[in-house]
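Asker: Pasting a structure below so you can have a look.
The numbers here are math on the coordinates, done by the rules we state, and not lab data. Since the structure is predicted, the reported quantities are computational estimates derived from the model, not experimental observations. Neighbour counts run over all protein chains shown; Cβ positions are idealised from the backbone, glycine included.
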Amino acid sequence: MDDLQEPRKGWMSLLAKAPPQKLAALMPDLPEHALLRAPEIGAVMVQGRTGGTGAPFNLGEMTVTRCSVRLECGTVGHAWVQGRDKTHARRAALADALMQTPAAAEVATRVLAPLQAEAAQARSTRAAKAATTKVDFFTMVRGEDK
C-alpha cells in the first residue's frame, strides 16, 4: 500500500483543486457506489509559517467538504475539497476509488490528464502574468568605492 501513497497524494490533490464544473464534464456518469460518509461540510484550521520555514501559526479557518465512497468491488475512495460543493467531493472520492482499481489507466487518461493539462496551463499563465511585473535591480559602481 505504501507504493500507492505518493501517486495517490498527487491525484487527490489534483482532484481537490480541479474546477467542479470541469470534473463534472469529465465524469458525467458516476459508477454504482455506496456512501460511507455522505458529503458533509465543515471547517479546518489553516496554518502558515513565517517566511515559509519559521514556526507555524494559525492563519484562520477554511470551509471544506469531505466524502467517502465504496465501489461495488469494495474499493474505498475519499475526498476533501475546498468550499461547499457536495457533488465535487463525491466525484473526487469516486475518482480516488476508481484510481485504485484496474480502471486506473482509463481514469488517468480520461479524467486526470485533462485536469493536469489545465492546471499546468493555469500555472504557466499566472507565471507569465507575474513575469511582466518583474523588476531587475542592478548596482552601479560609484567613484568613491575605488
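Asker: Sort F137, F57 by Cβ crowding within 10 Å, fewest neighbours at the top.
Answerer: In increasing order of surrounding Cβ atoms, one gets F137, F57.
Asker: Also: What list do you get for L23, L30 if you sort them by fewest beta carbons within 10 Å? If you can, show how the numbers build up before the last one.
Answerer: Values: L23 23, L30 13.
Fewest to most other Cβ atoms nearby, the residues stand as L30, L23.
Asker: Report, please, the projected area of region 2-63 averaged over directions, based on the convex hull of its C-alpha atoms, in nm².
Answerer: Values: hull surface 28.2 nm².
The Cα convex hull of region 2-63, projected and averaged over all directions, gives 7.1 nm².
Asker: Contour minus end-to-end for A108 and A38, with contour as 0.36 nm per residue of separation and end-to-end as the Cα-Cα distance? Before the final figure, lay out each step's value.
Answerer: On the way: separation 70, 0.36 × 70 = 25.20 nm, distance 2.46 nm.
Additional length available on full extension: 22.7 nm.
Asker: If Lys and Arg each add +1 and Asp and Glu each add -1, what is the summed charge of the other residues whose beta carbon sits under 12 Å from the beta carbon of A79?
Answerer: +4
Asker: So, one more: Looking at the chain as a GNM with Cα springs under 10 Å, which of Q116, Q82, Q21 has the largest mean-square fluctuation?
Answerer: Q21
Asker: How big is the Rg/Rh ratio for region 61-146, C-alpha atoms only, Rh by Kirkwood, two decimals? Don't skip to the answer; put the middle values down first.
Answerer: Values: Rg = 22.9 Å, Rh = 16.6 Å.
Value, to two decimals: 1.38.
Asker: Pairs on different chains or at least eight residues apart, Cα atoms closer than 27 Å: how many lysine pairs in the chain fit?
Answerer: Values: K9/K17; K9/K22; K9/K86; K17/K86; K17/K129; K22/K86; K22/K129.
For the chain, the number of qualifying lysine pairs is 7.
Asker: To continue, here is another question. Residues in region 23-43 near a label at T101, defined as backbone nitrogen under 12 Å from the 7 Å Cα→Cβ point?
Answerer: Once the point is set 7 Å along Cα→Cβ of T101, 30-34 turn out to lie under 12 Å by backbone N, inside region 23-43.
Asker: Among 49-55, 9-15, 88-94, how do they line up by average Cβ neighbours within 10 Å per residue, starting with the highest?
Answerer: Numbers: 49-55: 7.9, 9-15: 16.9, 88-94: 26.4.
In descending order of packing, they fall as 88-94, 9-15, 49-55.
Asker: Moving on. Let me check the size of region 2-125 from its C-alpha atoms; what are the radius of gyration and Dmax in Å?
Answerer: According to the Cα coordinates of region 2-125, Rg and Dmax are 15.4, 47 Å.
Asker: Check A79: other-chain or 5+ apart residues with amide H under 5 Å from its amide H, H built from backbone geometry?
Answerer: C67
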